[in-house]
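In what follows, a single structure is set out as structure tokens and then discussed.
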Amino acid sequence: MTYWSRPPAARLARRCSVQRLGQDLLVSVRGGGHAVAGHAVADGGLMIDLSPMKAVRVDPGAGTARAAGGVLLGQLDQATSGSGWPSRPGSSATPGSAG
């Protein structure tokens, strides 16, 4: 049996992983969209699903963008499109930006 957690914020994702330290439980993390077949899931462990985390912060002055763990490349591309930056490697919008 695999346990799932879908924390809405990074601090809660950290809490999930810290609470598992010292327990004999494997922890795996799912970002935005890679490995849809489930190959990254730890059997009998805890899967921390970051897909609800969709925040993107763009700072054109600093030339940076920060994307939360569940952001897809298409969402990152959309958020940075007004800055004139090319952000999406490849032609697909569905892979996760964290992978």
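The values are calculated or read from the model by the stated rules, or taken from the named source; none is laboratory data. Computed from a prediction, not measured in an experiment: that's the story for all the values here. Virtual Cβ from ideal backbone geometry, glycine too; neighbours counted across all protein chains shown.
The residue that is nearest to Gly31 (Cα to Cα), counting only those in the range 44-63 that are in a strand (DSSP E or B) and touching a helix residue (DSSP H, G or I) at 6+ places or on another chain (Cβ under 7 Å), is Ile48. Of the residues examined, Val41 is not one that is modelled with pLDDT of 85 or more, in contact with a strand residue (DSSP E or B) (Cβ under 9 Å, 6 or more places away or on another chain) and not in a helix (DSSP H, G or I).
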